[in-house]
Every structure is written in structure tokens, then in C-alpha cells.
Amino acid sequence: MASSGREARQFFKQCENLGVIVELRNNGHMKLICPNGYVYWAGHSVSDHRALKNIKARLRRDGGIQFPK
């Protein structure tokens, strides 16, 4: 099942609460800037059921973000 828009909004809000700067760009993508300087681009509307988990994993590995369990 694809991720819902509500789940995506909650995820991006959680990222902001963890210190990530989240910018919605005009091209429909989100620019995520981690406190350590890592920049990640993600689609605003995610349709793949693994998309949010993949974004979370990249931010954890490369951005140094520690998500609560």
C-alpha cells in the first residue's frame, strides 16, 4: 500500500522537530537540510510504500538524524 499524504506530512513535521530544515520547492520536491549539512531531495507526494522508510534510512545514515523508536 502506498504511503498516505497524512503520513508524509507527519514524517516531514517530525523531521523539522529533529532539526532538519524542510523546504517545499516549486518543482514539487522537498529539500531536506540536516544539521550536519547533508542535503537530500525527496518527492512531496510519495507513492511507493517504502518511500518514507527509505528517506528515513538515508537521513539516519548520511544526515546523522536519530529518529525516536
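Observations, loosely collected:
- Residue in segment 11-28 that is at pLDDT below 90, surrounded by 13 or more Cβ atoms within 10 Å (Cβ to Cβ) and either under 19 Å from R61 (Cα atoms) or not polar (S, T, N, Q) (or both) present: no
- Filtered by the rule that a residue be surrounded by 11 or more Cβ atoms within 10 Å (Cβ to Cβ), over 10 Å from the mean Cα position of the chain (by Cα) and at pLDDT 95 or above, segment 47-62 gives R60, D62.
- Where H44 falls short, out of the listed (1) at pLDDT below 95; (2) within 10 Å of the chain's Cα centre (by Cα); (3) more than 15 Å from K13 (Cα to Cα): (3)
- Within segment 29-46, the set of residues being of a type in the set (V, I, T) and surrounded by 14 or more Cβ atoms within 10 Å (Cβ to Cβ) comprises I33, V46.
The values are calculated or read from the model by the stated rules, or taken from the named source; none is laboratory data. Bear in mind the structure is a predicted one, so any value in this text is a computation, not a measurement. Note: ideal-geometry Cβ built from the backbone for every residue, glycine included; neighbour counts use all protein chains shown.
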